[in-house]
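Reviewing the structure listed below.
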Amino acid sequence: AAAAALGLLPLGKTQSPESLLDIAARRVAEKWPFQRVEERFERIPEPVQRRIVYWSFPRSEREICMYSSFNTGAEDPAATGGAAV
C-alpha cells in the first residue's frame, strides 16, 4: 500500500518476492549448461529441473534472434549441396 501511494506500483497491484527456487534455478542456469547439471548430480527433483530449464532459455527477443541464427563460420558441405572432402 505504501509503495502504491508513492507511485512505485500501479494501484491494486502488489508485487510478491521471487521464490527461492526461482532465484536458485536462475543462478544455476546463468552459470552452467543443463547437461552439466544433469551429469554432476544424481537426483534432481523434477520441479527444480523444470525451473532450471525454464531459466536456461534466453528472455529477450534480441538474444533469441542471436541464438537462433548462430553460425560457426564453417560451412557444412552437406547443407550447401557440396561434396564432403
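The values are calculated or read from the model by the stated rules, or taken from the named source; none is laboratory data. These figures come from a predicted structure and were not determined experimentally. FYI the Cβ positions are ideal-geometry reconstructions off the backbone, even for glycines, and counts take in every protein chain you see. Ligands, DNA and RNA are stripped out before the accessible areas are found, and what is left, the full protein with its side chains, is counted by its heavy atoms. Shrake-Rupley method; radii C 1.70, N 1.55, O 1.52, S 1.80 Å.
Of all residues in region 1-58, which are modelled with pLDDT under 90 and among the hydroxyl-bearing types (Ser, Thr, Tyr)?
Within region 1-58, 14, 16, 56 qualify.
Which of the residues belonging to region 24-46 are in contact (Cβ under 8 Å) with a residue 24 or more places away in the chain and either open to solvent by 100 Å² or more (accessible area, probe 1.4 Å) or in a loop (DSSP other than H, G, I, E, B) (or both)?
Of everything in region 24-46, just one residue is in contact (Cβ under 8 Å) with a residue 24 or more places away in the chain and either open to solvent by 100 Å² or more (accessible area, probe 1.4 Å) or in a loop (DSSP other than H, G, I, E, B) (or both), namely 30.
If you go through region 47-64, how many residues are open to solvent by 100 Å² or more (accessible area, probe 1.4 Å), within 22 Å of residue 19 (Cα to Cα), part of a helix (DSSP H, G or I) and free of Cβ contacts under 8 Å to residues at least 24 places away in the same chain? If you could, list the steps in order and put the result at the bottom.
Going residue by residue through region 47-64, those that are open to solvent by 100 Å² or more (accessible area, probe 1.4 Å) are 50, 54, 57, 59, 61-62.
Narrowing the set further to residues that are within 22 Å of residue 19 (Cα to Cα) leaves 50, 54, 57, 59.
In the following step, the residues that additionally are part of a helix (DSSP H, G or I) were identified as 50, 54.
So of that shortlist, the ones also free of Cβ contacts under 8 Å to residues at least 24 places away in the same chain come out as 50.
Number satisfying all stated conditions: 1.
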